[in-house]
Amino acid sequence: MQNPTPPLRVLVIDDSAVYRKIVREVLASAPGIEVVGTAANGVVGLAQIRALKPDAVTLDFEMPQLDGIGVLRRLAGDPSAPAAIMVSAFTTSGAAATTTALQEGAFDFILKPATKSLSESVSQLSRDLLPKLEACRAHRAIRRPLCRAKPAPPPPRPAPPRRAAVPGRANPLRLKPEVVCVAVSTGGPKALTQLLPRLPRTFPCPIVMVQHMPPMFTASLAADLDRRCQLEVIEGATGMQPRAGQIVIAPGGKQMRLANADGGLRIEITNDPPERNCKPAADYLFRSAAATLPGKAVGVVLTGMGDDGTEGARAIKDTGGVILAQDEASCVVYGMPKSVIDNGLADFVEPLGGMATRMISAVQRGALV
């Protein structure tokens, strides 16, 4: 008889006694999760992490003695460190701090409830926190064995086949790509920090991107990436004309699409409904690229939960475009790329470290590179 799956062991670190109580109530009702302790500041939290060895922590930003960013920096480089889910205020300063935390190795973040009642706060936390912890569970299952004695190596996985052009559609070699669309979610800010600075100032076409984040947070991410990249990184706005040398990030809480206007490519920001619970949604952006630039779009699907990007990748593929997907080993969460790969849509599967080179090759020479 197989042993049951052990519970995900969670430590709650927050200086608010009320919030610690709310989180405990949410987690106590969730199957497969065990709250192993709480801490009121980062110093006590670090001691609890070392003593209790939790799988995940919820981590507040502003705490006495040692704040959340300080805890992350103390844990940096520790392969046994728990996955940290930051609890952020829905403010401009909270967005900036969250961007820093994600760059420092936080797994993901949620917004601290700002509701009028305890029951509403519990409901919001259940919706937001529990899926993140389920992603932590999958992350633990992949990463934790790496910290133990090494098992026998698995047989090598065959490389995905290069896909030939589909009969009856435009030959990708004849159509030079004019836009690159990127989809990314959990693990995205850190992945983008590794990927985008590797792209040269001479990158020959615009990059448009969906990172699943709420309003204000995408603006902070764009500003942070702009400081790191050779390319200009900005948040999208209606009427903007994306150009070579530029990366446009969809604003949180809105949908972004491409359209033809006055003979050129334009950005449109809409309040259309979420797709697959995502707003912005990669499917929405990718479909617009396929319709606006058939056969001239490259889709890139990076780390993230869920399957947003799959149907959009199919639309790009069906019109003659190219799809690149991040490989499992380099993903924080192998959800979005896995869905694309499992559906047979990926022309190339690349580790994060090789994705910039593949993107450059794809836009310079077309699909079959």
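The values are calculated or read from the model by the stated rules, or taken from the named source; none is laboratory data. Since the structure is predicted, the reported quantities are computational estimates derived from the model, not experimental observations. Because the Cβ atoms are built from the backbone with ideal geometry, glycine has one as well, and the counts that use them run over all protein chains shown. Surface accessibility is based on the protein's heavy atoms, side chains included, excluding ligands, DNA and RNA. Shrake-Rupley method; radii C 1.70, N 1.55, O 1.52, S 1.80 Å.
From the list PRO54, PRO64, which residue is surrounded by fewer than 17 Cβ atoms within 10 Å (Cβ to Cβ) and in a loop (DSSP other than H, G, I, E, B)?
Values: PRO54 fails: surrounded by fewer than 17 Cβ atoms within 10 Å (Cβ to Cβ).
Unique residue meeting the criteria: PRO64.
Could you tell me whether the stretch 145-164 includes any residue that is modelled with pLDDT of 85 or more and either open to solvent by 40 Å² or more (accessible area, probe 1.4 Å) or of a type in the set (A, V, I, L, M, F, W, C) (or both)? Working first, answer last.
From the stretch 145-164, those modelled with pLDDT of 85 or more are none; that's our starting set.
Within the stretch 145-164, not a single residue is modelled with pLDDT of 85 or more and either open to solvent by 40 Å² or more (accessible area, probe 1.4 Å) or of a type in the set (A, V, I, L, M, F, W, C) (or both).
Can you pull out every residue in the stretch 331-343 that is free of Cβ contacts under 8 Å to residues at least 60 places away in the same chain and not basic (Lys, Arg)?
Step one: filter the stretch 331-343 for residues free of Cβ contacts under 8 Å to residues at least 60 places away in the same chain, giving 337-340, 342-343.
Matches in the stretch 331-343: PRO337, SER339, VAL340, ASP342, ASN343.
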> When you scan the stretch 111-129, how many residues do you find that are touching a residue at least 40 places away in the same chain (Cβ under 8 Å) and not small (Gly, Ala, Ser)?
Replying inline: 7
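Considering each of VAL322, VAL369 in turn, give the residue that is modelled with pLDDT under 95, under 24 Å from GLY187 (Cβ atoms) and either touching a helix residue (DSSP H, G or I) at 6+ places or on another chain (Cβ under 8 Å) or surrounded by 23 or more Cβ atoms within 10 Å (Cβ to Cβ) (or both).
On the way: VAL369 fails: under 24 Å from GLY187 (Cβ atoms).
Testing whether each residue is modelled with pLDDT under 95, under 24 Å from GLY187 (Cβ atoms) and either touching a helix residue (DSSP H, G or I) at 6+ places or on another chain (Cβ under 8 Å) or surrounded by 23 or more Cβ atoms within 10 Å (Cβ to Cβ) (or both) leaves just VAL322.
Scan ASP347, ASP342, ASP307 and give me the residue that is within 12 Å of the chain's Cα centre (by Cα), more than 18 Å from LEU192 (Cβ to Cβ) and either of a type in the set (Asp, Glu) or surrounded by fewer than 21 Cβ atoms within 10 Å (Cβ to Cβ) (or both).
On the way: ASP347 fails: within 12 Å of the chain's Cα centre (by Cα); ASP342 fails: within 12 Å of the chain's Cα centre (by Cα).
Checking each option against the conditions leaves just ASP307.
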> Assuming LEU27 fulfils every condition listed in (1) open to solvent by less than 10 Å² (accessible area, probe 1.4 Å); (2) of a type outside the set (Asp, Glu); (3) in a strand (DSSP E or B) apart from one, which condition is it?
Replying inline: (3)
> Quick one: is ALA83 at pLDDT below 85, at negative phi, out of contact with any Gly (no Cβ under 8 Å at 6 or more places or on another chain) and not hydroxyl-bearing (Ser, Thr, Tyr)?
Replying inline: no
> Which of the residues belonging to the stretch 88-120 are farther than 16 Å from PRO214 by Cα, over 19 Å from the mean Cα position of the chain (by Cα) and part of a helix (DSSP H, G or I)?
Replying inline: LEU118, SER119, GLU120
> Can you name the residue in the stretch 245-276 that is open to solvent by 50 Å² or more (accessible area, probe 1.4 Å) and of a type in the set (Asp, Glu) and is also farthest from HIS212 (Cα to Cα) among such residues?
Replying inline: ASP262
>> I need the full set of residues from the stretch 215-244 which are assigned to a loop (DSSP other than H, G, I, E, B) and surrounded by fewer than 17 Cβ atoms within 10 Å (Cβ to Cβ), in order please.
In response: PRO215, GLN230, ALA237, THR238, GLY239, GLN241, ARG243, ALA244
> Is the stretch 253-271 home to any residue that is hydroxyl-bearing (Ser, Thr, Tyr) and part of a loop (DSSP other than H, G, I, E, B)?
Replying inline: no
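Give ALA291, ALA315 a once-over and let me know the one that is crowded, with 19+ Cβ neighbours inside 10 Å, in contact (Cβ under 8 Å) with a residue 24 or more places away in the chain, of a type in the set (Gly, Ala, Ser) and in contact with a helix residue (DSSP H, G or I) (Cβ under 9 Å, 6 or more places away or on another chain). Steps first, please.
Values: ALA291 fails: crowded, with 19+ Cβ neighbours inside 10 Å.
On inspection, the qualifying residue turns out to be ALA315.
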